[in-house]
Amino acid sequence: AKQSGRNNFQFFTVELNEQLQRRFMIEQGLRKALSAGELSLVYQPVVDSRHSQIVGAEALLRWHSEELGHMSPSEFIPVAEDTGIIVAIGDWVLEQACMRAARWRRTIAPNLVIAVNLSPRQFNDGLVERVAQCLQRSGLDPRALELEITERLLMGDSETLLPMLNALAAMGVRISVDDFGTGYSSLSYLKRFPLHNLKVDRSFVAGLPDHHDSVAITQAVVAMAHSLGMHVTAEGVETAAQAEFLRSIGCDTLQGYFFSVPVGALAYEETLARVADF
Ligand code: C2E
Ligand code: CA
Ligand code: CA
Ligand code: CA
């Protein structure tokens, strides 16, 4: 027993050591990812549920590291947030996404809306100014930019957050609550902040249209959002049955593999050009 106990302990330390090592490599890799040109954006179409037309896209970050290969955002974003590197990376994401969206609106899709994810760490002093600069440099209409924030952010210190969100909303930028329903039970923040859109988390969409709890929750979210004057996006739509159900309960926009996986800018542009009647 003693023998195996010691082996377990050794195994444990080896594994922990490997985890720390990997984290260290991710951190090192992230520090040069921007300047090394290893980051890119992909775009996932957002579809109007009633006309099945593309009305926009969510920009999603991709990292191909020279040392680590393709890295999943769910692995590297938390490290980028812990270390603060997300602030510089987030600025780059915003800049790229606004530039692309402005070009697409000028050329093929005049009403396109681009959604960009913002980490809570990005809500520091200069944020409002940096967003304004991005819009100015790209020439993007503020109403074409939707910033996706987390419930976690809304539960934090509203004394500093509220003025920032109010300033962004006053510019015309739309604020969207990502992964809605997964974070916190309190909904009081919905009244306190200028919010335009709720994104129903894909864990609820996955249960549609058969799972009773998922049906009840998505219906309630749509009804509540609409009565508060907000739109609803469903994410993680993977089947025709899910899309049809969400359309039938009045969910405004849909996003998921059923329509398209996130694709590179050129592929997204080609899709737009094929369906450019909006
Ligand atoms: P998210 O914002 O909730 O983004 C949706 C995620 O679901 C994306 O994963 C997308 O590829 C995936 N997805 C889309 N449709 C489907 C579907 O039908 N089924 C399933 N199973 N998944 C679907 P991705 O790109 O790996 O991103 C993971 C998370 O990383 C994002 O979740 C977001 O929280 C974060 N992230 C990605 N890009 C950025 C960024 O530029 N900035 C920040 N701060 N976070 C980002
Ligand atoms: Ca998102
Ligand atoms: Ca989400
Ligand atoms: Ca998520």
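Which one of 153, 165, 135 is surrounded by 17 or more Cβ atoms within 10 Å (Cβ to Cβ), assigned to a helix (DSSP H, G or I) and modelled with pLDDT under 95? Outline the logic, then answer.
Working: 165 fails: modelled with pLDDT under 95; 135 fails: modelled with pLDDT under 95.
So the residue among 153, 165, 135 that is surrounded by 17 or more Cβ atoms within 10 Å (Cβ to Cβ), assigned to a helix (DSSP H, G or I) and modelled with pLDDT under 95 is 153.
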note = Of (1) out of contact with any Phe, Trp or Tyr (no Cβ under 6 Å at 6 or more places or on another chain); (2) crowded, with 18+ Cβ neighbours inside 10 Å; (3) modelled with pLDDT of 95 or more, residue 226 fails just (2)
ask   = If we scan segment 112-121, do we find a residue that is under 26 Å from residue 189 (Cβ atoms) and in a helix (DSSP H, G or I)?
value = yes
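Tell me whether segment 48-57 contains one or more residues that are open to solvent by less than 40 Å² (accessible area, probe 1.4 Å), part of a loop (DSSP other than H, G, I, E, B) and at pLDDT 95 or above.
Of all residues in segment 48-57, those open to solvent by less than 40 Å² (accessible area, probe 1.4 Å) come to 48-49, 54, 56-57.
From what's left, part of a loop (DSSP other than H, G, I, E, B): 49.
Those still in the list that are at pLDDT 95 or above too: 49.
Looking for residues that are open to solvent by less than 40 Å² (accessible area, probe 1.4 Å), part of a loop (DSSP other than H, G, I, E, B) and at pLDDT 95 or above, one finds at least one in segment 48-57, hence yes.
Tally up the residues in segment 168-205 that are part of a loop (DSSP other than H, G, I, E, B), within 16 Å of ligand 4 (Cβ to nearest atom) and surrounded by 14 or more Cβ atoms within 10 Å (Cβ to Cβ), please.
Just the residues of segment 168-205 that are part of a loop (DSSP other than H, G, I, E, B), to begin with: 172-173, 181-188, 193-196, 201.
Those still in the list that are within 16 Å of ligand 4 (Cβ to nearest atom) too: 181-184, 201.
Checking the rest, the ones that are also surrounded by 14 or more Cβ atoms within 10 Å (Cβ to Cβ) come to 181-183, 201.
Summing the residues that are part of a loop (DSSP other than H, G, I, E, B), within 16 Å of ligand 4 (Cβ to nearest atom) and surrounded by 14 or more Cβ atoms within 10 Å (Cβ to Cβ) in segment 168-205 gives 4.
Just for segment 209-219: of the residues that are open to solvent by less than 60 Å² (accessible area, probe 1.4 Å) and closer than 14 Å to residue 250 by Cβ, which one is farthest from ligand 2 (Cβ to nearest atom)?
Applying the first criterion (open to solvent by less than 60 Å² (accessible area, probe 1.4 Å)) to segment 209-219 yields 209, 214-216, 218.
Filter once more, keeping what is closer than 14 Å to residue 250 by Cβ: 215, 218.
On the way: 215: 23, 218: 17 Å.
Once the filter is applied, the top-ranked residue is 215.
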inquiry  = Considering only residues that are within 16 Å of ligand 2 (Cβ to nearest atom) and surrounded by 22 or more Cβ atoms within 10 Å (Cβ to Cβ), which ones fall in segment 236-250?
reply    = 237
key: Matching residues in segment 61-72 - criterion: being within 11 Å of ligand 1 (Cβ to nearest atom) and open to solvent by less than 40 Å² (accessible area, probe 1.4 Å)   = 61, 63, 71
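The values are calculated or read from the model by the stated rules, or taken from the named source; none is laboratory data. The model shown is predicted, which means the values in this text are computed figures rather than measured ones. Cβ sites come from the backbone with ideal geometry, for glycine too, and all protein chains shown count toward neighbours. Keep in mind that these areas ignore ligands, DNA and RNA; they rest on the heavy atoms of the full protein, side chains included. Shrake-Rupley method; radii C 1.70, N 1.55, O 1.52, S 1.80 Å.
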